[in-house]
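To keep things clear, I will list the structure first and then write my remarks on it.
The values are calculated or read from the model by the stated rules, or taken from the named source; none is laboratory data. None of the values given here were measured: they were computed from a predicted structure. Every residue, glycine among them, receives a Cβ derived from its backbone with ideal geometry; neighbour counts consider all protein chains shown. The protein model used for the area step is the full one, side chains on, heavy atoms only, and it has no ligands, DNA or RNA in it. Shrake-Rupley method; radii C 1.70, N 1.55, O 1.52, S 1.80 Å.
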Amino acid sequence: MCQSAKKGLNENKQIVSKARIANHGEVFTNPREVNAMLDMVAQETSRIDSRFLEPACGKGAFLTEILRRKLSVLRDRYRKSPVEYRRYLVLAVGSIYGIDILADNVADCRDALRAMCVAEYTDIFGFEPTPSAFIDAIDFILSKNIIHGDTLTLRRADIAEQPIRFSEWSLVSGDLFKRRDFYFSSLVDSDDLSLFATRDTGGDTWLPMPVREFPLTDYKGLKDAG
């Protein structure tokens, strides 16, 4: 991980200010505890497409560690193929979701995740990732997956009264991705908090209904597709 991605996340600094504790209950989780908890679901963190949601993501302590573990898998599998590595890195980023009530935390979390992707790619292949459309895809997905909002009200904090809406990103074939958007409220309407999951409700199958479905799109064109 590059130094900019580490800054503020691995310094064991759990408190930014007393005011933020009083106003928002903000205390960051120590990296030791982050790793201990993720070790309990280690099999899932090693799956590139396994989805994770942090409902109070802060600056990304949990999400950056999840991405670090996924990047380790990508390095082992695709370090000899930049084309495949880019494809599955987009999928890995698309599997990580977060919500935070503070705008600076959201920006820092997005920046840290992006910096990790660029640094890891550069370290493996010896040059920064190109074309720019690849990084544009990562930036676009992070803008949809890391949300400035309130998990308790299920609404955004940056757009008044707008419900939180998440995108599901599925790799279908080659570089083609399927995107479906869902209201967060429809995804947590049961005891099972698995994002986008089909659920068995006593013999009946319950499916969350997407707000919008997009046509299959090359990941480099996701931003242009909406």
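Probe of 1.4 angstrom, ligands and nucleic acids ignored: what's the accessible area per residue over segment 33-86, in square angstrom?
On a per-residue basis, 51 Å².
Please give the net charge around residue 174, taking every other residue with its beta carbon less than 15 angstrom from that of residue 174, where Lys and Arg add +1 and Asp and Glu add -1.
Result for the local shell: +1.
Take the eigenvalues of the Cα gyration tensor for segment 70-122, scale each by 5, and report the square roots as semi-axes in whole Å, largest first.
Semi-axis lengths for segment 70-122 are 25, 11, 8 Å.
Write out the trypsin sites (Lys or Arg not before Pro) in segment 34-100 meeting two conditions: DSSP loop, and at most 14 other Cβ atoms within 10 Å of their Cβ.
Within segment 34-100, the qualifying trypsin sites (Lys or Arg not before Pro) (loop, at most 14 other Cβ atoms within 10 Å) are 47, 79, 80.
Quick check for you: with a 1.4 Å probe and neighbouring chains kept, what is the accessible area per residue of segment 114-186, in Å²?
On a per-residue basis, 43 Å².
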